[in-house]
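The values are calculated or read from the model by the stated rules, or taken from the named source; none is laboratory data. Keep in mind that this is a model prediction, so the values were computed, not measured. Here the Cβ positions follow ideal geometry from the backbone for every residue, glycine too, while neighbour counts run over all protein chains shown. In case anyone asks, the SASA skips ligands and DNA or RNA and just uses the protein heavy atoms, side chains included. Shrake-Rupley method; radii C 1.70, N 1.55, O 1.52, S 1.80 Å.
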Amino acid sequence: MSNNLFDFGMIGLGVMGRNLLLNMADHGFSVIGFDKDGAKNAALESAATPGTTVKGVGELSQMIQLLQRPRKVMMLVPAGQPVDDVITSLLPLLEEGDVIIDGGNSHYTDTLRRVKYLRDKNIHFMGIGVSGGEKGARTGPSIMPGGDKTAYEHVRPMLEAIAAKAEDGAPCVGYLGKVGAGHYVKMVHNGIEYAIMQLISESYAILKHAGLDNVQLHEVFKTWNEGKLQSFLVEITAEIFLQKDDKADGYLVDVISDKAGSKGTGKWTSQDSMELPVAVPVIDTAVAMRTLSGYKDERVEASKLYNKTEAVELASQELIDQAYDALYFATILSYAQGLAMLFQASKDLNMEIPLPEVVSVWRGGCIIRSSLLEVFTNAYKQNPELSNILLNQEVAELVKSAEDKTRSLVAFAAKSGVPAAGLMSTLAYFDAFKSERMPTNLIQAQRDYFGAHTYQRIDTPGTFHTEWGQP
C-alpha cells in the first residue's frame, strides 16, 4: 500500500476525521490520515471496510508524499491557533495548486485571513462546515463548502459521493459562496440549532410542569415527529425520554445536570448578527439561556426567595396541541431569522451565498434537518432573492395557522412561571416584524432630547432636531 497514491488526506483522526475518511473509502476513494497518536492511526485502519484503501501514518511528510497531485488535505483540529499551526507545518511540504481544507468550526474571519494568505502563495484554501455529528460523518453528513471555487471543483465529486442524500436523491452539499461563506453558513446553522434546541426544551418544561411523565412525553414528541414537526431534533428528543439510567433506577434525562454546555458558535452568530445588523432574538435568547443555566448556585437561592406553591394545571390535549403549534411557529421563525442573517451577510460581506442552495444542503444529514426545509426550498424557487422567508405567501399561511395557539401557550407559560424566553422572544419578533409602525418613534424622540441625535419625520423629508422642553 505504501507505493499507492492516495486521493485524499486527513489531519486529525478523532471521531469526525476518522469517520469522514472511512465514508470516503466506502465510496471508492483511497484515503490516508495523519495523527501523532499511533493508536488513532491503528483505529482508522482497523475500522476500514474490507476491500477499501485506508492508511494511517504518524509523519505528516509521509502523508503528503503519498497524495495524488494536486494534493487535497483536510484539517479537523480545534479552531484557532491549532489551524494556523497546521498550515505552517504544511506549507514547506506542498506545491502550488494544492488544496487545504479546514473542516472544523472556525470563525469565518479567520477563514477570510487564511484564504488571502494562502492565495498569495498559490495554495487553494477552503472552509467547509460539516454537520451531522459522528454518525453523519460516517454515513452521510450535510456539507457546507465555501471559498476557493477552483478548489471546490477538485473535491466536488468526493463530497457529493459522501454527503447525505435528500429525499429526491440530491446530495446535501453545494458550493455556498466566496471566501469565508462555508464557515459563515455553518455558524448560522449552529445558531439556528441553538434556537430550536432551546424551544424544544421550553416545550418540554411546559408539558412537564403540567404533569406529563417521561413515557407520556415520549409519546407526545413521537407523535409530533410524525406530523409537520418532523425533524432530527424532535426525533431524538422522543428517544431521549425513554433512556433508562444505567447507574440507578429511573430515567437518565431526570439526573442530567441543567447546566448546558456551549462551544461558541451560537455566541458567534449572536455577535455577528449585531455587526451586520440583523435581528435574531431567538438565537440571542438561546445563547443567553445557556449562560443563565450556569448560574446554578444563584438560581437555587433565588428559587427559595421567589417560588410559590400553586396548584398545577394538569396537561390537557388542548395544552399539548398548543405546545405543538407553538413549537412549529417558533421553529419557522428561528429559520427565518438565520436565513435573513445569511441574506444580509451575503450582500454586506460580498460572499454571494445562494440561499436556495443552503436550504437544499440542510435537507439531509445535518442536525437541523426538517420537513420545513422542503417548504423553504419551494419559497426560494419562487424568489431566490427573498430577504426574509416570512414574506413568502405559503410560509405566511403556515405561521398564521399556528399563531393563536402560540399566544395561548406563551400566556400559560407566563402565568405558570415556566421560563419560556425563546417562545416569548419569537412571538415578540413576529409582532414587531409585522408591525407597520413600531413604537421606536418615541425612542428617536428620547435620543434627540438627551443627545441631539436628530430624527426624521413621516410627513417631511430631511433630518430634524428639536430643543425639547422649550416654550
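Under a model in which nothing but the beta-carbon of Lys, Arg (+1) and Asp, Glu (-1) is charged, segment 372-471 shows a dipole of about 260 debye around its Cα centre. Between the amide H of M74 and those of G9, M10, I11, I101, distances stay under 5 Å, these residues lying 5 or more places away or on another chain, with hydrogens modeled in the peptide plane. Within the chain, antiparallel bridges make up roughly 30 percent of the DSSP beta bridges whose residues both belong there.
In this structure, the amide hydrogen of Y251, modeled 1.01 Å from its nitrogen in the peptide plane, lies closer than 5 angstrom to those of D245, counting only residues at least 5 positions away or on a different chain. With no solvent and one point on each alpha carbon, what is the Debye value of log10 I(q)/I(0) for the chain at q = 0.07 Å⁻¹? Reported log10 I(q)/I(0), two decimals: -0.43. One decimal place: the segment T466-E45 gains 144.1 nm when fully extended, by the rule 0.36 nm per residue minus the C-alpha distance.
Remark: segment 196-252 carries 49 Å² of accessible area per residue (probe radius 1.4 Å; ligands, DNA and RNA excluded). Spin-label model, L314/L252: points 7 Å from Cα along the beta carbon direction are separated by 3.1 nm. Per-residue ellipticity at 222 nm from helix content only, as computed over the chain with -39500 (n - 2.57) for each DSSP H run of at least four residues, stands at -17500 deg cm²/dmol. The value of relative contact order for segment 186-434, using C-alpha pairs under 8 Å at least six residues apart, is 28 percent. With Cα atoms as the point set, segment 108-152 shows a radius of gyration and Dmax of 12.7, 37 Å. For segment 291-375, a crude dipole built from +1 on the beta carbon of Lys and Arg and -1 on the beta carbon of Asp and Glu, taken about the Cα centre, is about 240 debye to the nearest 20.
Derived scalar couplings between HN and Hα for segment 214-223 equal 5, 5, 5, 4, 4, 5, 4, 5, 5, 5 Hz in order, rounded to whole Hz, by the Karplus curve 6.51 cos²θ - 1.76 cosθ + 1.60 (θ = phi - 60°), x for Gly and Pro. The charge dipole of segment 199-275, taken about its Cα centre with unit charges on the Cβ of Lys, Arg, Asp and Glu (plus for the first two, minus for the last two), comes to roughly 140 debye. Protein heavy-atom accessible surface, 1.4 Å probe, per residue over segment 8-175: 39 Å².
In terms of distances greater than 19 angstrom between alpha carbons, the cross-link table entries K186/K400; K228/K400; K36/K263; K135/K165 yield K186/K400; K36/K263. Whole-Hz Karplus values for segment 415-429 come out as 5, 8, x, 8, x, 9, 4, x, 4, 5, 5, 4, 5, 5, 4 Hz, taken residue by residue from phi with 6.51 cos²θ - 1.76 cosθ + 1.60 and θ = phi - 60°; glycine and proline positions read x.
Taken along the Cα-to-beta-carbon direction at a fixed 7 Å, the label points for K263 and S61 span 3.3 nm.
Counting protein heavy atoms only, the chain has 52 percent of its accessible area on carbon and sulfur, 1.4 angstrom probe. Computed over neighbours whose Cβ is under 13 Å from that of D84, the net charge equals -1, Lys and Arg +1, Asp and Glu -1.
Net charge near L93, counting Lys/Arg +1 and Asp/Glu -1 over other residues with Cβ under 12 Å of its Cβ? That sum, taken over residues with Cβ under 12 Å, equals -2. With θ taken as phi - 60° and the Karplus curve 6.51 cos²θ - 1.76 cosθ + 1.60 applied, the whole-hertz 3J(HN,Hα) list for segment 395-408 is 5, 4, 5, 5, 5, 5, 5, 9, 5, 4, 5, 4, 4, 5 Hz, x standing for glycine and proline. For K296, a cut-off of 17 angstrom between C-alpha atoms picks up these aspartates and glutamates, skipping any fewer than 8 places away in its own chain: D254, D258. Taking trypsin sites (Lys or Arg not before Pro) across segment 230-302, the ones in a DSSP loop with at most 12 further Cβ atoms lying within 10 angstrom of their Cβ are K247, K259, K263. When you filter the GluC sites (Glu not before Pro) in segment 1-100 for DSSP loop state and at most 12 other Cβ atoms inside 10 Å of their Cβ, you are left with E59, E95, E96.
Please work out the average accessible area per residue across segment 259-404, using the 1.4 Å probe convention, and give it in Å².
Accessible area per residue, segment 259-404: 49 Å².
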